[in-house]
1. Distance in nm between label sites at Leu135 and Arg60, each 7 Å beyond Cα in the beta-carbon direction?
2. Can you list residues whose amide H is under 5 Å from Val121's amide H, if they're 5+ apart or on another chain and H is modeled 1.01 Å from N?
3. Quick one: net charge around Val114, please, counting Lys, Arg +1 and Asp, Glu -1 for every other residue with C-beta under 15 Å from its C-beta.
4. Tell me, what is the percent relative contact order of the chain, built from C-alpha pairs under 8 Å that lie six or more residues apart?
5. Per the helix-only calculation at 222 nm, which mean residue ellipticity applies to the chain, given -39500 (n - 2.57) for every DSSP H run of n ≥ 4 and division by its residues, nearest 500 deg cm²/dmol?
6. Charges at C-beta only: +1 for Lys and Arg, -1 for Asp and Glu. How large is the resulting dipole of the chain about its Cα centre, in Debye rounded to 20?
7. Taking the Kirkwood radius as the inverse of the mean 1/r across Cα pairs, report the Rg/Rh of segment 20-147.
8. Would you kindly state how much longer the chain becomes between Ala19 and Thr112 on full extension, computed as 0.36 nm times their sequence separation minus their alpha carbon distance, in nm to one decimal?
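Readers should treat all values here as calculations from the given coordinates under stated rules, not as data from a laboratory. All values reported here derive from a predicted model rather than from experimental measurement. Counting neighbours? That spans all protein chains shown, and the Cβs are built from the backbone with ideal geometry, glycine included.
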Amino acid sequence: MRRSNPSTDPEDDPERGSAALEFLVVGMLLLVPLVYLIVTLGLIQGGALGVEAGARHVARAVATAVDADEARDRADLVVASVVREYGLDGSRTTVETRCRPAGATCPRAGATLVVTLRTTVALPLVPPVLGLDRLASIPVESTTVHKVSRVWGSGS
């Protein structure tokens, strides 16, 4: 009859089989935050690209319009298109248009048009309980400058 030594018997080893479980637990603890970070950075990058494209296109649309009414309509169409295309929150997206030098109406012939588009990007998986979704959001903005033609508004 052969007796086995308990220290060398693989069935009695207290560490037997725990390495796979440890790798799974540690892997999940590291992988879940990493995936969340990648998704969050992707959403923020998408929002940044959206406001940059929106500000640029609004400035071009306003600067090439025939008059102030058409400029306003074009700006609204561009913002709606950018909000839809980039998945931005339309209720949190604002457009500010200024002219340099400051003074009379904006836009006007010969002025430098400054367009700023702002929005906020909500962090993923944040519930709308107690306004947490509003608190857990990243503000994103872009400003662009475009020169308005000297004959702007003359119907040319």
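1. Label-label distance for Leu135 and Arg60, simple model: 4.1 nm.
2. Ile138, Val140
3. Residues near Val114 contribute +4 overall.
4. So the answer I get is 26 percent.
5. -15500 deg cm²/dmol
6. With Lys and Arg at +1 and Asp and Glu at -1, about 960 debye.
7. Using Cα coordinates only, the ratio equals 1.18.
8. Going from the current span to full extension adds 26.9 nm.
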